[in-house]
Amino acid sequence: MRAGVELSNADFPDNELRCEQEFIDGLYARVDALRGDTEGAVTDALAQGNTPMQARLERDILVAERSGLLAALNAVDGSLCFGRIDLTSGTDHHIGRIGLRAEDAERTPVLIDWRADVARPFYLATGHTPMGLRRRRHLTTEGRRVTALHDEILDLGDATRTGYEDPTGDAVLLAALDSARTGRMSDIVQTIQAEQDEIIRAPHRGVLVVEGGPGTGKTAVALHRAAYLLYEHRELLAKRAVLIVGPNPAFLGYIGEVLPALGETGVLLATVGELFPGVRATAADTRAAAAVKGRADMADVLADVVRDWQALPDPVIAITHDREVLMLDDGLVNMARERTRAVRMPHNAAREIFEGHILNTLTDMVAERIGTDPYDGSNLLDPSDITQIRDELAENPEVWAAIDQLWPRLTPQRLVADFLADPVGYVSDDDAAAIRRPVTRAWTVADVPLLDEAAELLGEDDRVARARADRERETQVAYAQGVLDVSYASRTYEFDDKDEEDSEVLSAHDIIDAERFAERHEEDDHRSAAERAAADRTWAFGHIIVDEAQELSPMAWRLLMRRSPTRSMTLVGDPAQTAEAAGVGSWDRILRPYVEDRWEHTRLGVNYRTPAEIMDVAAAVVRAEHPGFEPPSSVRSTGVRPWARATDDLPGAVAEAVGELTPAEGRLAVIAPRDLHRKLAARLDGVTAGAEPDLTRSVVLLDPRQSKGLEFDSVLVVEPARYGTSDLYVALTRATQRLGVVHGRPLPKALAAVLGGPAA
């Protein structure tokens, strides 16, 4: 496919398309060979079995590196190379999703990674600033076949022409924007624009805020920034991992293929509701409950809850010991409690100190009763007697029952569940009514930051962890001893009828004991850094990227900041789209408690997704509430105007409109209030309500919050009068081609003014 004047092959006997296809064929021959070598190396390494420690370490490193390379090769297969830059010096470089080198002695680059400095002119060069280029070429491929070339001439003094010139330089970008959606985000590595490239390659230290309206590509930029940072700071970030936080599971599924397609698989994608190991948030909060749970003062509330678990007797606790009754009153316990609190340790970690104070108090009671001289009041006990008394008290179950009552070991789950079951006295009556719920109810997303806060306040009693480790170690040693015993018994039987000389052959039992044998057979941890991070609440990530950052509550930010002690973060979002009741919205309010004013802000102002006709409608809705609002400017116009249709039969009208809007290729989203989903789904073939949406289906049913960050060829917005301004703005800006509105209630005034129809 040639842009501009059609020319025959006779005009270009070297056949540019054929030359590029030959290059691609050679490239994949190299990839296939490398894939085979890599698979063989991994297989051979894993077959080594037990080896000395140094060799085992080298094996594990090789497996990790080669497995990562293999995953990258498999992920980008069929789309390795997408461009070429020809320099005025006469050299040229092909640009791809990963870098590859030849097998010659010089390891000559065959394909340049898009993140390398030498590739940067591909994204930044212009006719005014050619950056040493005479030509930039875009290659379009289907699988391993080159289907189209688009050339941009940057050195206007060079008269050489190929016949594939793109006069505007926008053909590849516009083709990508007009292509049918698949239900999965694709990378933009072939069409990164200059303003996006600056953000992608910004330094990784510190906090960078990327603000942009709908369709500006801020999510794609953030994902490509993650890939770039992993390339530029591989040694650091491969160890610490990169965390990408999205607003919901559907969104994470939508973006899940982008980084693998760029050769990166060591990234953890999660929602806030998935960031407390062992807990999965499956229930939903009311807006009022989410707002209360998300407030910053919930940290102080939970601290008060923890302190209240550090109880006093009411009025005393009687402990029977050695036929005597010891009385722990509130004064004695309060003294032990205050001394324990003074060390400022988390609750569970401080319990050992509290135990010591209580045991000492009880020891003094016993010593005073049995060791005081009745004539002069002197103490008749020596230190060994005191130690014996303390040891005996430490074996008394009633003592430990009292300690458990006064300073119990707590889990975050128990603390938060009990608090939510009875929050009266900690928050106002209205707030208590909003968040109260049964102990047995499933967790919500807003509960997870509370659990994380509780875990910080409680800490861990490491004696429990040490005891668990000791038990596991004892089990391993016992198993190893059993293996050695079987081996010894087998050898004894084998040599019963043999010569004495033969029986002197050493066995495993002779040269290694059970403990050493257990050490050699401990399971190696082959998990990636991302996998280990997902299981470790205290993991410190090398970099964190947060999408829809304006929606996170203050409590959610406390959770994320704990995971980023270096404050290396990229935050992307749009305050105009803030919809969550607990959302902070303002970047300054989000960041000031953690970094004050030490953060960078940049804005993306070009809308690549939403056609001008649709953007004008969405902007009018926001301007009705915020007259000074300026939306991002759309780069294209389709000539297709959005429409609105009033109806008395909402499910029937929606079904009819879906039939009209469903594209031959691509995806349609029906965006409607959640309580209408069952009625609508009953009239739509293949559409279900209530389940997590499958975005790869031709028609999906979503509520406005679920649609955040997603895009579809066509969108049908149902009953917009029931949306808030932010939710409506989000819903109206999801379409890349066509937008329709179906309503039973009168339209919001601003929407009626631009679409026609009755207004509220």
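The values are calculated or read from the model by the stated rules, or taken from the named source; none is laboratory data. Because the structure is a prediction, the values reported are computed rather than measured. Glycine gets a Cβ as well: all are built from the backbone with ideal geometry, and neighbour counts include every protein chain shown. What goes into the accessible areas is simple: the full protein's heavy atoms, side chains included, and nothing from ligands, DNA or RNA. Shrake-Rupley method; radii C 1.70, N 1.55, O 1.52, S 1.80 Å.
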Problem - When residues of the range 182-210 are limited to those that are touching a Leu at 6+ places or on another chain (Cβ under 7 Å) and of a type in the set (Asp, Glu), the one surrounded by the most Cβ atoms within 10 Å (Cβ to Cβ) - result: 187
Problem - Selected residue [under 30 Å from residue 138 (Cα atoms), free of Cβ contacts under 8 Å to residues at least 60 places away in the same chain and not acidic (Asp, Glu)] from 203, 260 - result: 203
Practice task
Give the range 230-257 a look and list any residue that's modelled with pLDDT of 90 or more, in a helix (DSSP H, G or I) and open to solvent by less than 60 Å² (accessible area, probe 1.4 Å), or say none.
Solution key: 230, 251, 252, 253, 254, 255
Completion exercise
Within the range 626-666, the residues that are out of contact with any helix residue (DSSP H, G or I) (no Cβ under 9 Å at 6 or more places or on another chain), open to solvent by less than 30 Å² (accessible area, probe 1.4 Å) and not in a helix (DSSP H, G or I) are 663, 666
Practice task
Might you let me know whether the range 284-293 holds any residue that is crowded, with 17+ Cβ neighbours inside 10 Å, under 30 Å from residue 405 (Cα atoms), basic (Lys, Arg) and modelled with pLDDT of 95 or more?
Solution key: yes
Exercise for the section: Check every one of the helices (runs of 4 or more DSSP H) wholly within the range 475-588 and list those with 2 or more residues that are more than 30 Å from residue 724 (Cβ to Cβ) and at pLDDT below 85. Expected result: 508-511, 514-520
Practice task
Those residues that are free of Cβ contacts under 8 Å to residues at least 60 places away in the same chain, touching a strand residue (DSSP E or B) at 6+ places or on another chain (Cβ under 6 Å) and loosely packed, with under 14 Cβ neighbours inside 10 Å, I need them from the range 142-157; list them, please.
Solution key: none
Exercise for the section: Return yes or no: is residue 353 closer than 19 Å to residue 398 by Cα, at pLDDT 95 or above and either in a loop (DSSP other than H, G, I, E, B) or open to solvent by 10 Å² or more (accessible area, probe 1.4 Å) (or both)? Expected result: yes
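Residue-by-condition table, conditions (1) open to solvent by 50 Å² or more (accessible area, probe 1.4 Å); (2) without any contact (Cβ under 8 Å) to a residue 24 or more places away in the chain:
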site	(1), (2)
561	no, no
565	yes, no
568	no, no
578	no, no
582	no, no
597	yes, yes
605	no, no
Practice task
Could you list all residues from the range 689-705 that are assigned to a loop (DSSP other than H, G, I, E, B), closer than 19 Å to residue 666 by Cα, open to solvent by 10 Å² or more (accessible area, probe 1.4 Å) and in contact with a helix residue (DSSP H, G or I) (Cβ under 8 Å, 6 or more places away or on another chain)?
Solution key: 693
Exercise for the section: Determine which single condition residue 717 fails, assuming it passes every other condition in (1) surrounded by 22 or more Cβ atoms within 10 Å (Cβ to Cβ); (2) part of a helix (DSSP H, G or I); (3) more than 28 Å from the chain's Cα centre (by Cα). Expected result: (2)
Exercise for the section: Would you check if there is a residue in the range 42-55 being open to solvent by 60 Å² or more (accessible area, probe 1.4 Å), part of a helix (DSSP H, G or I), modelled with pLDDT under 65 and in contact with a Gly (Cβ under 7 Å, 6 or more places away or on another chain)? Expected result: no
Handout entry: Residue match in the range 735-754 (condition: closer than 24 Å to residue 608 by Cβ, of a type in the set (A, V, I, L, M) and open to solvent by 20 Å² or more (accessible area, probe 1.4 Å))
Key = yes
Problem - Of all residues in the range 316-345 being of a type outside the set (A, V, I, L, M, F, W, C), closer than 19 Å to residue 392 by Cβ and surrounded by 12 or more Cβ atoms within 10 Å (Cβ to Cβ), the one that is farthest from the chain's Cα centre (by Cα) - result: 322
Completion exercise
Checked 661, 650 against criteria (aliphatic (A, V, I, L, M), under 19 Å from residue 718 (Cα atoms) and at pLDDT 95 or above); the one match is 650
Problem - Boolean, residue 128 is closer than 25 Å to residue 171 by Cβ, open to solvent by less than 60 Å² (accessible area, probe 1.4 Å) and not charged (D, E, K, R) - result: no
Practice task
Would you be able to say whether some residue in the range 616-633 is over 28 Å from residue 170 (Cα atoms), at pLDDT below 95 and within 31 Å of the chain's Cα centre (by Cα)?
Solution key: yes
Completion exercise
Of those in the range 589-613 that are part of a loop (DSSP other than H, G, I, E, B) and of a type outside the set (D, E, K, R), the residue farthest from residue 220 (Cα to Cα) is 611
Fill in the blank from the handout: residue 613 fails exactly one of (1) surrounded by fewer than 22 Cβ atoms within 10 Å (Cβ to Cβ); (2) touching a Gly at 6+ places or on another chain (Cβ under 9 Å); (3) farther than 24 Å from residue 299 by Cβ; (4) at pLDDT below 95, namely (4)
Practice task
Inspect all residues belonging to the range 694-704 and state whether any of them is of a type in the set (D, E, K, R) and free of Cβ contacts under 8 Å to residues at least 24 places away in the same chain.
Solution key: no
Exercise for the section: Select, from 136, 120, 107, the only residue that is open to solvent by less than 40 Å² (accessible area, probe 1.4 Å) and either within 29 Å of residue 230 (Cα to Cα) or under 38 Å from the mean Cα position of the chain (by Cα) (or both). Expected result: 136
Practice task
Scan 735, 682 and give me the residue that is touching a residue at least 60 places away in the same chain (Cβ under 8 Å) and not hydroxyl-bearing (Ser, Thr, Tyr).
Solution key: 735
Problem - Those residues of the range 419-453 which are free of Cβ contacts under 8 Å to residues at least 40 places away in the same chain and out of contact with any helix residue (DSSP H, G or I) (no Cβ under 7 Å at 6 or more places or on another chain), in sequence order - result: 421, 422, 425, 428, 429, 430, 432, 433, 440
Exercise for the section: Say whether the condition of being under 30 Å from residue 301 (Cα atoms), at pLDDT 95 or above and part of a loop (DSSP other than H, G, I, E, B) is met by at least one residue in the range 413-420. Expected result: no
Exercise for the section: Could you tell me whether any residue of the range 168-181 is in contact with a Phe, Trp or Tyr (Cβ under 8 Å, 6 or more places away or on another chain) and surrounded by fewer than 22 Cβ atoms within 10 Å (Cβ to Cβ)? Expected result: yes
Practice task
Please name all residue pairs, on different chains or six or more residues apart, with Cβ atoms under 9 Å, provided the first residue is in the range 382-399 and is closer than 10 Å to residue 321 by Cα and the second residue is loosely packed, with under 12 Cβ neighbours inside 10 Å.
Solution key: 396/320; 398/318; 398/320
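Condition check ((1) more than 14 Å from residue 446 (Cβ to Cβ); (2) in a loop (DSSP other than H, G, I, E, B)) across all residues:
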| position | (1), (2) |
| --- | --- |
| 264 | yes, yes |
| 268 | yes, no |
| 276 | no, yes |
| 281 | no, yes |
| 285 | no, yes |
| 290 | no, no |
| 293 | no, no |
| 296 | no, yes |
| 303 | yes, no |
